[in-house]
Structures are given as C-alpha cells and as structure tokens.
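Would you mind keeping the following structure in view while I ask a few things?
Since every read-out is calculated from the coordinates, none of them should be taken as a lab result. The structure displayed is predicted, hence computed values, not measured ones. With ideal geometry, Cβ positions are generated from the backbone for all residues, glycine too; neighbour counts draw on all protein chains shown.
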C-alpha cells in the first residue's frame with residue numbers, strides 16, 4: 001500500500017519561488033513523488049534518501065536529493081509530509097576559514 005504525500009504551505013511557497021528561477025525543478029519534483037509514495041524510508045537503499053541526524057520529528061527528519069535540489073520530509077504512519085525545498089549550492093556545506101590574523105613577532109633570546 002503506497003504512502004500518501006502531502007505538502008506544507010512552506011514547501012508549496014518554496015517550490016513556487018524556486019520554480020520561477022529554475023525551470024527544471026517541476027520535473028525533478030515529479031520524479032521524487034513515486035519514490036516517496038513507495039519507499040520514503042529508503043529500505044531498498046536505491047534512492048538518495050537520508051535520515052538527518054539531530055533533527056526531530058516535525059522538522060523534516062529525512063532528505064531526498066534530486067539534482068541540485070534537496071527536499072526535506074517527515075513520515076507519520078502512512079503519510080509523507082514534504083516540509084522544505086531548497087537549492088543546494090556549491091558553498092552550502094563548505095566551511096569558510098576565518099580571516100587569518102597576523103602572527104606576533106617572535107622574541108629572540110637575549
């Protein structure tokens with residue numbers, strides 16, 4: 001029995017805003033729907049679904065990747081709630097080093 005997929009108002013708003021700038025997004029979204037309906041937990045390990053560590057229920061515990069986009073969702077009983085849609089940029093997960101500070105002059109023994 002397939003899962004039912006529902007969207008939140010936040011997800012709907014983000015999807016509309018991103019679709020205006022990225023015409024490929026609706027096709028990617030349509031491609032993840034059958035995955036979420038049939039295997040939202042990724043029990044077959046054949047999809048780009050990941051359970052996020054440290055994220056509680058209601059905050060989008062799972063993430064599915066499709067192209068450059070990330071869709072966060074929660075699962076309750078037989079219902080998948082799509083919570084957020086975001087564009088994954090190249091610098092999203094990169095750690096930026098702080099501005100280097102000049103080293104103090106070394107003191108010579110004397």
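Mind counting the residues in the range 1-35 that are touching a residue at least 24 places away in the same chain (Cβ under 8 Å), farther than 16 Å from residue 78 by Cβ, in contact with a helix residue (DSSP H, G or I) (Cβ under 8 Å, 6 or more places away or on another chain) and exposed (fewer than 14 other Cβ atoms within 10 Å of the Cβ)?
Total meeting the criteria: 0.
Output the residues belonging to the range 36-80 that are out of contact with any helix residue (DSSP H, G or I) (no Cβ under 8 Å at 6 or more places or on another chain), crowded, with 19+ Cβ neighbours inside 10 Å and in contact (Cβ under 8 Å) with a residue 24 or more places away in the chain.
Selection gives 36, 40, 60.
Right, next: Within the range 27-48, can you find the residues that are in contact with a strand residue (DSSP E or B) (Cβ under 8 Å, 6 or more places away or on another chain) and not in a helix (DSSP H, G or I)?
From the range 27-48, those in contact with a strand residue (DSSP E or B) (Cβ under 8 Å, 6 or more places away or on another chain) are 28-29, 31-33, 35-37, 39-42, 47-48; that's our starting set.
Passing the criteria: 39, 40, 41, 42, 47, 48.
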